[in-house]
1. Return the pair list, or none, for Cβ contacts closer than 6 Å from residues in region 149-166 that are closer than 22 Å to Gly240 by Cα to residues that are assigned to a loop (DSSP other than H, G, I, E, B) and charged (D, E, K, R), at least 6 apart or on different chains.
2. Considering only region 158-191, state which residues are in contact with a Phe, Trp or Tyr (Cβ under 9 Å, 6 or more places away or on another chain), crowded, with 21+ Cβ neighbours inside 10 Å and at positive phi.
3. Restricting the search to region 322-350, which residues are surrounded by fewer than 16 Cβ atoms within 10 Å (Cβ to Cβ) and in a helix (DSSP H, G or I)?
4. Looking at region 269-299 only, could you name the residues that are in contact (Cβ under 8 Å) with a residue 12 or more places away in the chain, among the hydrophobic types (A, V, I, L, M, F, W, C) and under 17 Å from Val423 (Cβ atoms)?
5. So which of Ala224, Ala246, Ala218 ends up being in contact with a helix residue (DSSP H, G or I) (Cβ under 8 Å, 6 or more places away or on another chain) and surrounded by fewer than 20 Cβ atoms within 10 Å (Cβ to Cβ)?
6. Out of the residues in region 271-288 meeting the condition of being surrounded by 23 or more Cβ atoms within 10 Å (Cβ to Cβ) and of a type in the set (A, V, I, L, M), tell me which one is farthest from Arg84 (Cα to Cα).
7. Could you tell me which numbered condition Glu199 fails, if it satisfies all but one of (1) buried (at least 17 other Cβ atoms within 10 Å of the Cβ); (2) of a type outside the set (A, V, I, L, M); (3) part of a loop (DSSP other than H, G, I, E, B)?
8. Inspect all residues belonging to region 388-403 and state whether any of them is under 17 Å from Ile85 (Cβ atoms), touching a Ser or Thr at 6+ places or on another chain (Cβ under 7 Å) and in contact (Cβ under 8 Å) with a residue 12 or more places away in the chain.
Amino acid sequence: MKLATLAVPILLATTATLFAQAVSVSPRPAPASAGAGTATTTAARAMPNTQALFDGYVRDGKMPGIVAAYGFGDAPTLFPAAGRIADDAGAALAGPDSLWRIYSMTKPVTAAAAMILIEEGKLGLDDPLSKYIPAFAKMRVLTSPDTSLDSVPATRPITIRHLLTHTAGLSYNIIAKGPLLKEYERLGILPAEVNMAVEAQMRAVRPKTLEDFANRVATLPLIAQPGTKWSYSIGLDVMGRVIEVASGQSFDGFVQRRIFDPLRMRSSYWTVPRGEVRRLATNYTFTGDTRAPIDPAATSVYLQPPSFPYGGAGLVSSARDYDRFLHMLQDYGTLDGVRVMKRETAQLMMSNLLPAGVTFGGIGGGTGGTTAAAPLGYGAGGSVYLADGPYGIPSKGTYGWGGAAGTIAYVDPVKRIRGTIMVNYFPSERWPTRSESVAALAKDAARFVR
């Protein structure tokens, strides 16, 4: 049996202790590309297999740079890293505070904001969406979603639960087809940024406010009856408008005050300040084996304000910041003595919230989603393991999601493990980073088992 296989059960039983000890193991010289500062040097010594994997990605030209944040209980977070944030000469080393486009990893943040309002009684999980956005009171459902706009009346209302779990019957410009896709494009239902060239086209038709966006979405037919099917969607973008209505604050302002500020997430932005451009990674795309910049940092679309804050795909963040968000979820709503949400609220967020009879089988294809060998459910804005994965990793209850540019995030609150991986390239599945990083992590744990 492979060493990684043997190590996994032991890893999950004793991870926090093992990696707390890791910072004092005999030094291993860090490669020149290992990243910036003491944090990444410590990680290179503690996690040689992970470091070797990352170094190999850069050495083999698969990506300019990569950084991860691995947390084990309340021990200091480890930040293995390699390479730089761009291919440009003189680009900064990838490190804990480099800035990356996290795309759909925005969704759990938006979901957390909604859960705070549910906790406060300002939202109800099973409230009808029309209570907050009246335009959704009378919806229609397509009879042949891929080929026709023929529709019938919806038989039930969209609820807040449906928005959080992608079961509202809404679609997405990245997966819609035929005449429905053309309608999404015509109405500017395009809540994401790629680069300045694409943005010029999208901004010309996109609504200027979340209110207008949500009202336009309400004019479109659904792809399924609400609460009957999981389908990746703009639900979390619509949720941004719900948060505005329920809180009486701007969506981004609410997230800043209730999540970013108390968690001291100081590198998470819908608009990257120009003074921070030196930390912003360049995003790349692949044509065959050729990698080319699609959104260079110096001219990035993220340096200008978006049409409105996109709750489904709008954030730029750092490995350090996102780890703090996951650490809060790992500890069921609290971090460094500050409580963001109640324990039971965090537990509810990371539980299976799918309507009765609806299943989630995973999703990939450049969406930033996830697939798994174990059965999956869906919580608020992210997938949830309904049973232990192979050999116990990840464990039942693990919650997470990824981003379209290759980023990865997960938290196992039972065994108090969390991981964030930051890269920026399209398509996200270009390299098997997710599976390879787990295997490397298991090997690193085996170093401490005698």
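1. That search, which allows pairs on different chains as well, returns Thr159/Asp126; Ile160/Asp127; Arg161/Asp126.
2. His166, the sole residue that qualifies.
3. Arg343, Glu344
4. Of everything in region 269-299, those that are in contact (Cβ under 8 Å) with a residue 12 or more places away in the chain, among the hydrophobic types (A, V, I, L, M, F, W, C) and under 17 Å from Val423 (Cβ atoms) turn out to be Leu280, Ala281, Phe286, Ile294, Ala297.
5. On the way: Ala224 fails: in contact with a helix residue (DSSP H, G or I) (Cβ under 8 Å, 6 or more places away or on another chain); Ala246 fails: surrounded by fewer than 20 Cβ atoms within 10 Å (Cβ to Cβ).
Result of the check over Ala224, Ala246, Ala218: Ala218.
6. Selected residue: Leu280.
7. (3)
8. yes
Any read-out appearing in this document is the output of simple, stated calculations on the displayed coordinates, not a laboratory observation. No experiment lies behind these values; they were computed from the predicted model shown. Cβ: placed from backbone, ideal geometry, glycine included. Neighbour counts: every protein chain shown.
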